[in-house]
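Engineer: Sharing a structure, written as structure tokens. Questions coming.
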Number of protein chains: 4
Amino acid sequence: MSSFFGQHLRLSLFGQSHGEAIGVTMDGFPAGMVIDMARVKREMARRAPGQSDLTTPRREPDEPEVLSGVLDGRTTGQPICAVIRNTNTRSRDYGSGVDLLRPGHADYTGHVRYFGFEDWRGGGHFSGRLTAPIVFAGALCSQWLAEQGVDIVCHIQQLGSVRDRSFLDYPPDADTAHLRQMALPVLTPGLDAAMEAEVLRARAAQDSVGGIIECRVTGLPAGLGAPFFDSVESLLSHLMFSVPAVKGVAFGEGFGFAELSGSVANDAFRMESGRIVTETNHSGGVQGGITNGMPVIFRCVIRATPSIAQPQRTVSLQKGENAEVSIRGRHDPCILPRAVPVVEAMTAIGLMELWKERQACVK
Amino acid sequence: MSSFFGQHLRLSLFGQSHGEAIGVTMDGFPAGMVIDMARVKREMARRAPGQSDLTTPRREPDEPEVLSGVLDGRTTGQPICAVIRNTNTRSRDYGSGVDLLRPGHADYTGHVRYFGFEDWRGGGHFSGRLTAPIVFAGALCSQWLAEQGVDIVCHIQQLGSVRDRSFLDYPPDADTAHLRQMALPVLTPGLDAAMEAEVLRARAAQDSVGGIIECRVTGLPAGLGAPFFDSVESLLSHLMFSVPAVKGVAFGEGFGFAELSGSVANDAFRMESGRIVTETNHSGGVQGGITNGMPVIFRCVIRATPSIAQPQRTVSLQKGENAEVSIRGRHDPCILPRAVPVVEAMTAIGLMELWKERQACVK
Amino acid sequence: MSSFFGQHLRLSLFGQSHGEAIGVTMDGFPAGMVIDMARVKREMARRAPGQSDLTTPRREPDEPEVLSGVLDGRTTGQPICAVIRNTNTRSRDYGSGVDLLRPGHADYTGHVRYFGFEDWRGGGHFSGRLTAPIVFAGALCSQWLAEQGVDIVCHIQQLGSVRDRSFLDYPPDADTAHLRQMALPVLTPGLDAAMEAEVLRARAAQDSVGGIIECRVTGLPAGLGAPFFDSVESLLSHLMFSVPAVKGVAFGEGFGFAELSGSVANDAFRMESGRIVTETNHSGGVQGGITNGMPVIFRCVIRATPSIAQPQRTVSLQKGENAEVSIRGRHDPCILPRAVPVVEAMTAIGLMELWKERQACVK
Amino acid sequence: MSSFFGQHLRLSLFGQSHGEAIGVTMDGFPAGMVIDMARVKREMARRAPGQSDLTTPRREPDEPEVLSGVLDGRTTGQPICAVIRNTNTRSRDYGSGVDLLRPGHADYTGHVRYFGFEDWRGGGHFSGRLTAPIVFAGALCSQWLAEQGVDIVCHIQQLGSVRDRSFLDYPPDADTAHLRQMALPVLTPGLDAAMEAEVLRARAAQDSVGGIIECRVTGLPAGLGAPFFDSVESLLSHLMFSVPAVKGVAFGEGFGFAELSGSVANDAFRMESGRIVTETNHSGGVQGGITNGMPVIFRCVIRATPSIAQPQRTVSLQKGENAEVSIRGRHDPCILPRAVPVVEAMTAIGLMELWKERQACVK
């Protein structure tokens, strides 16, 4: 646990924002897959800073070096370790650091947790930068799942006050390939312009803005996930809540279920071309914690980036008195575009864990 | 995993609704605690059916028998196993069972998951009845936490269209003891009558109704929870999504964060009587995945009970054709009153796991 | 960990010698196996006391009650819990108990470990009686493995000064079915009489005697076990050292390897009927921690039962001074006959864990 | 599992002999320890090849680079990752590699295990080289334990036919510091010369030689280890059997217990300066799987290095026919001197895991 995740596909994450390197080890990955390195880098580029004028102008190459587990471009079945060097670490940007606690950050809680010995520089082990190796690991899982016919895609369902439609009423067979190309992926054509305006407005106000990412997975077999404690929802939410800034996770109709009566919320079954399907998909493809073969659909809410240039009330840890902090440096006014590939990566990691768990159960 | 949970406080859950017994083993529980059995039974009674006319008239004694781990009423530090016999199991109520798939239930997914060998009677291992041993285990954890000054309490924040206020703007020191006595615990005096009407309306319509449970934990020290994968939110959501019918979990402002700008969402720090506190608690007491000493506040949405008396479209598994099912028997038109102690129990289990994890880290 | 074992096939053990019951929960067992209950009871009878005049005259029915995970005699794929009631618990036999520490027992270490709150009656959670549910769980695994063609068998290779030959130079296809019928299973005809004399001699001297159990597994595929930490030897030794009284575990030539030069110790490869085999089996069927398809052969040394009637020097815990203890009651002068089915059960549990782990890895 | 170990102190090992790098991530290590890097390097130097003319003349710098978890020389409480680059990898030495299976190596079992996709070069993930990061991790644990007063030391108790005395009858307070300086550490003065002659004899004969390493741990508190599955013996043997070439592990009198009657084998208790001690230490400091405060003493047998220059019978994997292999290259005629620091490192890792487990249990 802690920096470890998984029982069948096991991850171990390490590194701090301003240390030597960050990285991940993944054990239990199947042998024999030819890694599509272009795909891996494409995914990592989507997460990297500096991709558009909506994100921080910081540029980090985020070049993963694979240290183990791969021979001649093919997975060996042994632990895959990849590291990413930290190169562009201008520590002075983080100013007074561990003295003036940045509101909304982990400065205070990390200080307590690690008894004052934490690497506080740039958020340390709490930094969103730790999601880079996550995207690396997720890209391998995503490729493996794609080879089994599974597709994972996200869009931004809400950004500040701008709301997109939902995958719940989006045709399952409509093309979604364009979403992966968009800086602000939306289902409703043109809505990204309104979202972009919202981001620029926040930046101009030295402020930041949050939103909701919706994820859809198609091509999954029925039967993944296990009661009592390893429901699909349990595993995926566990991973999603590990992503910095995620504060809520909901499946299918999510919090809308509060107002749906049972007769509406139940998804009726129907035979279709010899297969059992549901007429509606309010449950988001998961019933009793197990996939039912319908698209898995869930949402994560992402709070607005805590790093804002406005002065904020805080406490000086060293003086033990009230103070004010102004966070300088290059920050994202909206983290959602860069969080999209992270949510997809975590989804791939969680589903592959469940896939492997299922595989061990087959008689 | 699966029916196991935890690394430091380890749970193993077993049983099916209509098997011989259900139960739980808990390993890693501290030695030397005198179990307050009256408290345990009180918690279990809150979850048991037949408590009021809002729930199913089924009555089950739910008497836990402690098989191990306790000597002269005191925990020994060794595995505590408790079993609850299944007595009132009128299997015929479940009618055509594994043939006609009940919409919204795990009949279909369980059938796929277990290759047709599952115990389908009364929901089997998927039954909400499995939450009885969870409440037993949670009651022990809750007592232990209470001895450390931790208090866990829930209210129903929404039931159908009736909405209560939130713990987020409720005075932290206001008394909440009465909530544990109410059939429909609410913060707004009198609102339970409106909720009761909503439940009775649903029952009259042979329908069911869902809602939102909000939970608040006070008295926690700062420093519980660990990045990257064992954030407080990860652990608690993992457990909450194991509870049948939970479809969403959110901390602090939850999905409301989508519309909060960073300058509003950030909780400013302040010195108060020599302690670091936050002026607001939008984050729900968790920052960077770690408790900050403020009340931990989160919400779970509970979908309407899938068991409704109305005829529903479905599929006959045995004939492989479309069919109709009418679920007879004694069912809850609204499961929220009985889910409240389950949410509290899961919270206690998760927090104690985090407490023990922290304890192992202290130098 | 602690009372939990396994990642793919998960065990949770509970109970104390003189508590209400002892038992085990096994999660991850494949669905659909028709349990051969006669076989299970036969295995449990081999372990139970009172089987011959070589063991304690105590008689305990050791009747397992299956509480969950089985429907109509078939495994459901869900957690299997079995409990065994403690019936014949004459506590007074254990005399001064937690005061006078019994040498060689866990009275002292258990007292420290559990801060004085342990259930000390009859050895409590440390009692050899806890191996009864182990044999139950092992019998199910053993049946499943037998259905895949795997055979597990033990003999007593040494008892006091009497030594039997080894499986290492025993014809792999020679019949071993009779070993399961013998009170003192040996490969050399007639040697059991000499061993029996050794046991009776020990009993007459109010003493006890130890020995070595050798185990052989045939029918295993190559490829089970995984570096770095989950070698076959690691898993099996972990389980064997959980059995009370086991103080050493060795594979193939074991401690004899110290005197073998590399040119002798290496097992040369050879093609045989299109299969790769080794000419010798010094390594005991495990190379690089992974099965090579040859018989897996290992040995456990079992120390003499610590419960002896002779007076022994010890300490009074309550008075904090030197004292003498004489252990009354009905004890085994030699535990080896009853340990044989336990070693077989643990072997089955470990191999099934490795089998399931392997299954999750297949592409 | 697999390349992961531990619940409280968690290790993740990665790398292959001839890949880019090997390394280890350790999570759960206490915050605030100033790493004694000279000590770490000294331990790694003891394991590195080329230390004396008894080992392979290969020289590898084995310079660990710490990527994370350390700030200003102090542990942060976050995952510590260290990598060691593979520099001196003359692959051609390994000749026909995956074609001609080297007897006694993991070439064949690794091939089956990883479906032919394994990195076979130089033993790949199975290589003894993987013990270098183990020694790194162990050195940190060893330092932490030393700060708590724990001392871990090994000697070579047997090398081929040359036998040393045992720690069991060695004065606990006799100085052992010189053992860490000796190429062949022995308790009997001068015996290392006889052992050295044995090694040189083996090398001259193009052969290799094995032996037994005995380890002693002093300064441990009573109460470490936990029944049922996490006995001290279970944890330590699990780790020892992960070390390539270890084929047997035994505690205290070990296999000698077979011939000890209970009245001899039992360690009588006695009060000594207000503390409970045992008069003898046949059990090797572990009773009921838990430390009793006496020195923990155990032995590992190490088989002779399988890499020998003599021609050996084998199989050509590619041709599927019998063949002969001569292993060229620079190999150790006796691995014991280099295995000593590995056994010490594994011991430190296992004991620290048990220490942390215990810490989580304290009320």
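The values are calculated or read from the model by the stated rules, or taken from the named source; none is laboratory data. Quick caveat, the model's predicted, so the values are computed rather than measured. Ideal geometry is used to build each Cβ from the backbone, glycine not excepted, and the neighbour counts take in all protein chains shown. To get the accessible areas, we keep the full protein, side chains included, count just its heavy atoms, and leave off ligands, DNA and RNA. Shrake-Rupley method; radii C 1.70, N 1.55, O 1.52, S 1.80 Å.
Engineer: For the stretch C:11-25, what are the residues that are open to solvent by 10 Å² or more (accessible area, probe 1.4 Å) and either part of a strand (DSSP E or B) or of a type in the set (D, E, K, R) (or both)?
Structural biologist: Selection gives C:Glu20 alone.
Engineer: Which one of the conditions (1) of a type in the set (A, V, I, L, M); (2) more than 14 Å from chain D (Cβ to nearest Cβ); (3) without any contact (Cβ under 8 Å) to a residue 40 or more places away in the chain does A:Met44 fail to meet, given that it meets all the rest?
Structural biologist: Looking at each condition in turn, A:Met44 falls short on (3).
Engineer: Look at the stretch B:337-363 and say how many of its residues are away from chain D (no Cβ under 14 Å) and more than 16 Å from B:Gly104 (Cβ to Cβ). Give the steps one after another, and end with the answer.
Structural biologist: Quick first cut of the stretch B:337-363, residues away from chain D (no Cβ under 14 Å) only: B:337-351.
Narrowing further to those that are more than 16 Å from B:Gly104 (Cβ to Cβ): B:337-338, B:340-351.
Of the residues in that region, 14 qualify.
Engineer: Just for strands (runs of 3 or more DSSP E) wholly inside the stretch D:182-297: which have at least 1 residues that are more than 7 Å from chain C (Cβ to nearest Cβ) and surrounded by 19 or more Cβ atoms within 10 Å (Cβ to Cβ)?
Structural biologist: On the way: elements: D:211-218, D:246-251, D:269-272, D:275-278.
Output list reads D:211-218, D:246-251, D:275-278.
Engineer: Got at least one residue in the stretch C:143-152 being within 30 Å of B:Asp72 (Cβ to Cβ) and not in a strand (DSSP E or B)? Let's see the steps before the verdict.
Structural biologist: Within the stretch C:143-152, the first condition is being within 30 Å of B:Asp72 (Cβ to Cβ), and the residues that meet it are none.
So far as the stretch C:143-152 goes, no, none of its residues is within 30 Å of B:Asp72 (Cβ to Cβ) and not in a strand (DSSP E or B).
Engineer: For the stretch A:181-202, which positions are at pLDDT below 95 and within 12 Å of A:Leu159 (Cβ to Cβ)?
Structural biologist: The one that is at pLDDT below 95 and within 12 Å of A:Leu159 (Cβ to Cβ): A:Ala183.
Engineer: What residue, among those in the stretch D:146-156 that are surrounded by fewer than 21 Cβ atoms within 10 Å (Cβ to Cβ) and of a type in the set (A, V, I, L, M, F, W, C), is nearest to D:Trp355 (Cα to Cα)? Give the steps one after another, and end with the answer.
Structural biologist: Taking the stretch D:146-156 as the starting set, the residues that turn out to be surrounded by fewer than 21 Cβ atoms within 10 Å (Cβ to Cβ) are D:146-149, D:151, D:153.
Of the ones still in play, those that are also of a type in the set (A, V, I, L, M, F, W, C) are D:146, D:153.
Working: D:Ala146: 13, D:Val153: 18 Å.
Per the criteria, the residue is D:Ala146.
Engineer: For the stretch C:263-307, name all the residues that are hydroxyl-bearing (Ser, Thr, Tyr) and more than 29 Å from the chain's Cα centre (by Cα).
Structural biologist: C:Ser263, C:Ser273
Engineer: Could you list, in sequence order, all residues of the stretch A:1-10 that are within 16 Å of D:Ser3 (Cα to Cα) and part of a loop (DSSP other than H, G, I, E, B)? Even if it seems obvious, please write down each step before you answer.
Structural biologist: From the stretch A:1-10, those within 16 Å of D:Ser3 (Cα to Cα) are A:1, A:3-10; that's our starting set.
Hits for the stretch A:1-10 are A:Met1, A:Ser3, A:Gly6, A:Gln7, A:His8, A:Leu9.
Engineer: On to the next question. Of all residues in the stretch C:306-315, which are within 9 Å of another protein chain (Cβ to nearest Cβ) and either β-branched (Val, Ile, Thr) or part of a strand (DSSP E or B) (or both)? Steps first, answer last, please.
Structural biologist: Of all residues in the stretch C:306-315, those within 9 Å of another protein chain (Cβ to nearest Cβ) come to C:306-308, C:310, C:312-315.
Result: C:Ile308, C:Gln312, C:Arg313, C:Thr314, C:Val315.
Engineer: Could I ask something else about it? Give me the residue from the stretch B:47-57 that is closer than 16 Å to B:Ala339 by Cβ and not small (Gly, Ala, Ser) and, out of that set, modelled with the highest pLDDT. Before you say what the answer is, go through the steps one by one.
Structural biologist: Of the stretch B:47-57, the ones closer than 16 Å to B:Ala339 by Cβ are B:47-52, B:54-56.
Pick out the ones that are also not small (Gly, Ala, Ser) and you get B:47, B:49, B:51, B:54-56.
Values: B:Arg47: 93, B:Pro49: 84, B:Gln51: 71, B:Leu54: 74, B:Thr55: 70, B:Thr56: 70.
Selected residue: B:Arg47.
Engineer: Checking D:Gln206 against (1) farther than 29 Å from C:Ser237 by Cβ; (2) free of Cβ contacts under 8 Å to residues at least 24 places away in the same chain, which test does it fail?
Structural biologist: D:Gln206 satisfies all of (1) farther than 29 Å from C:Ser237 by Cβ; (2) free of Cβ contacts under 8 Å to residues at least 24 places away in the same chain except (2).
Engineer: Another question, then. For B:Gly329, work out the one condition from (1) at the interface with chain A (Cβ under 7 Å from one of its Cβ atoms); (2) on the phi > 0 side of the Ramachandran plot it doesn't fulfil.
Structural biologist: Looking at each condition in turn, B:Gly329 falls short on (1).
Engineer: Another question, if that's okay. Scan the stretch B:270-292 and give yes if some residue there is more than 30 Å from A:Pro244 (Cβ to Cβ) and out of contact with any Lys or Arg (no Cβ under 8 Å at 6 or more places or on another chain), otherwise no. I'd like the intermediate steps shown before the answer.
Structural biologist: Going residue by residue through the stretch B:270-292, those that are more than 30 Å from A:Pro244 (Cβ to Cβ) are B:273.
Filter once more, keeping what is out of contact with any Lys or Arg (no Cβ under 8 Å at 6 or more places or on another chain): B:273.
So far as the stretch B:270-292 goes, yes, one or more of its residues are more than 30 Å from A:Pro244 (Cβ to Cβ) and out of contact with any Lys or Arg (no Cβ under 8 Å at 6 or more places or on another chain).
Engineer: So which residues in the stretch D:316-332 are part of a strand (DSSP E or B) and among the aliphatic types (A, V, I, L, M)?
Structural biologist: Taking the stretch D:316-332 and keeping what is part of a strand (DSSP E or B), we get D:316, D:321-326.
Correct list: D:Ala323, D:Val325.
Engineer: Now a separate question. Select, from A:Val66, A:Val83, the only residue that is away from chain B (no Cβ under 13 Å), at pLDDT 95 or above, open to solvent by 20 Å² or more (accessible area, probe 1.4 Å) and within 30 Å of D:Leu71 (Cα to Cα).
Structural biologist: Numbers: A:Val83 fails: open to solvent by 20 Å² or more (accessible area, probe 1.4 Å).
Step by step, each of A:Val66, A:Val83 is checked, and only A:Val66 is away from chain B (no Cβ under 13 Å), at pLDDT 95 or above, open to solvent by 20 Å² or more (accessible area, probe 1.4 Å) and within 30 Å of D:Leu71 (Cα to Cα).
Engineer: Could you check how many residues of the stretch A:118-140 are open to solvent by 10 Å² or more (accessible area, probe 1.4 Å), in contact with a Pro (Cβ under 7 Å, 6 or more places away or on another chain) and of a type in the set (Phe, Trp, Tyr)?
Structural biologist: Result for the stretch A:118-140: 1.
Engineer: Follow-up question, since we're still on this one. Somewhere in the stretch B:26-35, is a residue open to solvent by 10 Å² or more (accessible area, probe 1.4 Å), more than 7 Å from every other protein chain (Cβ to nearest Cβ) and out of contact with any helix residue (DSSP H, G or I) (no Cβ under 6 Å at 6 or more places or on another chain)?
Structural biologist: yes
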